[in-house]
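A short worksheet on the structure shown next.
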Amino acid sequence: MAKETWKPGNMLYPIPAVMVSCGREGEKPNIITVAWAGNVCSTPAMLTISVRKSRYSHSIIKETGEFVVNLTSAELVRATDWCGVRSGRDYDKFKEMRLTPQKSQKINAPGISESPVNIECKVKEVIELGTHDMFVAEVLCVTVDDKYLDERGRFDLNAADLIAYSHGEYFKLGKKVGKFGYSVTKKQGKQHQIKKNRDANENFAIDKKEKKNEKADNISLNNDKNFKSDKKENKHSKKEKVKKSSVLKKKNKRG
Ligand SMILES: Cc1cc2nc3c(=O)[nH]c(=O)nc-3n(C[C@H](O)[C@H](O)[C@H](O)COP(=O)(O)O)c2cc1C
């Protein structure tokens, strides 16, 4: 396989495209679409977003040290794109996109009510990387749409029709092709299932063949038996005939 070598560039895809909401006192709340976002620590739960210094949202987040990461679904894809190509300096993005600000639990910045998952974050560190500043933040609270909770309280995030961003385009998530750790869980592995099905089919075929042979054996056995009993009967009737004719001969002699 031949490969081309390119100069350095951002080629890590697919990635999320989230709507980050923020706000400061005395101003309308704002939304910025961010693709350069990621989980970076489990305990404490932490994530990062990288934002260009020139964005209207940059100054808000830097000043307040708060933001909400709102996950995006296929239903929200237009709003996601629009909030990424228009600035809060010129528009009220909540109003334009008919989105509802949702009061947060732990911070002042509002979330987006229409989003299935809102992640409330507090900035811990700002790392100046170059064109972008990376906001390293701790997750203080997560709110989820109870529409995706089942009767046992389990959250089915993948039913929320989330979108991914890859090389300039938005995608719905596709077919599930595995699950965490499935490659080492033999019983649940696809190959194992295929083998199981193949074995079952083979056994079925063998069973069928054996039954067929058994049937054929029974038929030939019965034929054999019938033939023998026929032979016996014939022998018996021959004997009878001989006996009858000798009685008749004796009778005739006497007469
Ligand atoms: C899909 C997508 C992903 C984006 N990701 C980022 C990002 O990670 N960081 C960033 O600074 N800007 C990103 N942008 C651009 C900003 O969202 C855009 O400049 C926006 O208008 C800024 O809004 P504001 O001026 O109201 O803050 C992205 C835009 C789109 C459409």
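The values are calculated or read from the model by the stated rules, or taken from the named source; none is laboratory data. Since the model is a prediction, treat every value here as computed from it, not as a measurement. For neighbour counting, all protein chains shown are included, and Cβ atoms are generated from backbone atoms with ideal geometry for every residue, glycine included.
Look at residue 49 and say whether it is in contact with a helix residue (DSSP H, G or I) (Cβ under 7 Å, 6 or more places away or on another chain), closer than 16 Å to residue 132 by Cβ and among the aliphatic types (A, V, I, L, M). Write out each step before concluding.
On the way: in contact with a helix residue (DSSP H, G or I) (Cβ under 7 Å, 6 or more places away or on another chain): no; closer than 16 Å to residue 132 by Cβ: yes; among the aliphatic types (A, V, I, L, M): yes.
Judged against the criteria, residue 49 is not a match.
I'm told residue 49 meets every condition in (1) within 15 Å of the ligand (Cβ to nearest atom); (2) in contact with an Asp or Glu (Cβ under 8 Å, 6 or more places away or on another chain); (3) touching a residue at least 12 places away in the same chain (Cβ under 8 Å); (4) of a type outside the set (S, T, N, Q) except one. Can you identify the failing condition by its number?
The single condition residue 49 does not satisfy is (2).
Return the residues of segment 61-72 that are within 10 Å of the ligand (Cβ to nearest atom) and more than 15 Å from residue 124 (Cα to Cα); say none if nothing qualifies.
Correct list: 72 only.
Residues in segment 73-88: is at least one closer than 17 Å to residue 170 by Cβ, away from the ligand (no atom under 14 Å from the Cβ) and buried (at least 16 other Cβ atoms within 10 Å of the Cβ)?
yes
In segment 148-162, what residues are closer than 16 Å to residue 114 by Cα, touching a helix residue (DSSP H, G or I) at 6+ places or on another chain (Cβ under 6 Å) and not in a loop (DSSP other than H, G, I, E, B)?
Answer for segment 148-162, where residues must be closer than 16 Å to residue 114 by Cα, touching a helix residue (DSSP H, G or I) at 6+ places or on another chain (Cβ under 6 Å) and not in a loop (DSSP other than H, G, I, E, B): 148, 159.
Do you know which residues across segment 111-128 are in a loop (DSSP other than H, G, I, E, B) and either without any contact (Cβ under 8 Å) to a residue 60 or more places away in the chain or over 31 Å from the mean Cα position of the chain (by Cα) (or both)?
Residues satisfying the conditions are 113, 114, 116.
Can you spot a residue in segment 158-169 that is at pLDDT 95 or above, among the hydroxyl-bearing types (Ser, Thr, Tyr) and surrounded by 10 or more Cβ atoms within 10 Å (Cβ to Cβ)?
yes
Look at segment 108-164 and say how many of its residues are farther than 22 Å from residue 35 by Cβ and acidic (Asp, Glu).
5
When only residues in segment 4-36 that are near the ligand (Cβ under 8 Å from one of its atoms) and outside any strand (DSSP E or B) count, which is surrounded by the fewest Cβ atoms within 10 Å (Cβ to Cβ)?
Here the answer is 36.
List, please: which pairs have Cβ atoms under 9 Å, are six or more places apart or on different chains, and start with a residue in segment 81-92 that is in contact (Cβ under 8 Å) with a residue 60 or more places away in the chain and end with one that is within 6 Å of the ligand (Cβ to nearest atom) and part of a loop (DSSP other than H, G, I, E, B)?
Final answer for the pair search is 81/17; 84/17; 84/35; 88/55.
Could you list, in sequence order, the residues of segment 89-105 that are of a type in the set (Lys, Arg), more than 15 Å from the ligand (Cβ to nearest atom) and within 14 Å of residue 21 (Cβ to Cβ)?
Answer for segment 89-105, where residues must be of a type in the set (Lys, Arg), more than 15 Å from the ligand (Cβ to nearest atom) and within 14 Å of residue 21 (Cβ to Cβ): just 103.
Given the conditions (1) surrounded by fewer than 21 Cβ atoms within 10 Å (Cβ to Cβ); (2) within 26 Å of residue 173 (Cβ to Cβ), report the number of the one that residue 133 does not fulfil.
(2)
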